[in-house]
Each structure stands twice: as structure tokens, then as C-alpha cells.
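The values are calculated or read from the model by the stated rules, or taken from the named source; none is laboratory data. Quick caveat, the model's predicted, so the values are computed rather than measured. Because the Cβ atoms are built from the backbone with ideal geometry, glycine has one as well, and the counts that use them run over all protein chains shown.
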């Protein structure tokens, strides 16, 4: 069975490395038909699109959790470690899913909150820009947090 043939039967994509190093040797060691073999393969282990989607979702969840904590506590104290962790995750997210080599740039947009003598800013949105013919355009906004009165 060939790599693309496996993907057609399975209905999902696998990396070439996974196919040649794991799937093909396993298939060759069995007496199963191609269809039967595909049924016994663990899709969660090999479907790289599903892995990528799960990783992206986990990164977004982590950013949103940190941003929500910062939004709720911004008037009381500043947590520089949490802010730096958020920035690190955002940089990794941008590098992986919106690389600079494809003309992308990301920025954390902060929102301001004020009530009498209290005020603060918190990370509210991840804004993704894309360059086209020398001009930057907003590609998408991902809401991270909103301030809510306690």
C-alpha cells in the first residue's frame, strides 16, 4: 500500500515520516486487507491535522485563561509572570500558525478599564495582521478576555 492510497482509504492525512517509519512496516507485518488494516490504526495517533487542531485549541485556551485572570484582577495587582507567559504562548502561536515568512504579524491589543480612582489595562484580543503589497491589513481578531464586574 502506498502513502497516498492509505490516506484515501483512511480519509485523513498522515505525515510521510509516520507512514514510512510506522504505518507501512506495520501493514507489511500483517495479513490484513488494506481496508481492515486502516480500521485498526489509531487515528488520534496519526492524523496530523487533528493533532494540529488540538494543539491550536490548547494554545488558544491557555491564552484565554491567562487573559481572563488578568482582566478580573487587573485593578488589584499586576502579574508580570502571567503577562510574559501569555506573550510567550502568543509568539509560539503566531510562529506556528501565522509565520512571518508568509507576511503575518500578531499583536496583543489591550483594553482599558476605569472606575473612579481605579483603572487598569488587560490583554483583550490577539490581532493578526497580514502584509500585502507593502500595506498591513487586519486578518483576524481572536478575543482573549473581557472585563466583568465582580
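May I ask you to verify whether residue 23 is assigned by TED's automatic domain parsing to the domain that holds residue 91 and modelled with pLDDT of 90 or more?
Numbers: assigned by TED's automatic domain parsing to the domain that holds residue 91: no; modelled with pLDDT of 90 or more: yes.
So residue 23 does not fit the description; no.
For residue 95, the requirement of being without any contact (Cβ under 8 Å) to a residue 24 or more places away in the chain and assigned to a strand (DSSP E or B) is not met.
Pairs linking a residue in the stretch 50-62 that is modelled with pLDDT of 90 or more to a residue that is part of a helix (DSSP H, G or I), with Cβ atoms under 6 Å and 6 or more positions apart or on different chains, are 59/89; 59/93; 62/89. The combined condition, being under 30 Å from residue 122 (Cα atoms), surrounded by 14 or more Cβ atoms within 10 Å (Cβ to Cβ), in the same structural domain as residue 121 (by TED's automatic domain parsing) and out of contact with any helix residue (DSSP H, G or I) (no Cβ under 6 Å at 6 or more places or on another chain), is not fulfilled by residue 58.
Within the stretch 71-87, the set of residues being surrounded by 13 or more Cβ atoms within 10 Å (Cβ to Cβ) and either within 30 Å of residue 135 (Cα to Cα) or at pLDDT 90 or above (or both) comprises 82, 83, 85, 86, 87. Residues in the stretch 119-131 include none that are loosely packed, with under 15 Cβ neighbours inside 10 Å and either without any contact (Cβ under 8 Å) to a residue 12 or more places away in the chain or out of contact with any strand residue (DSSP E or B) (no Cβ under 8 Å at 6 or more places or on another chain) (or both).
Scanning the stretch 2-49 for residues that are surrounded by 13 or more Cβ atoms within 10 Å (Cβ to Cβ) and outside any helix (DSSP H, G or I) yields 12, 13, 14, 15, 32, 41, 47.
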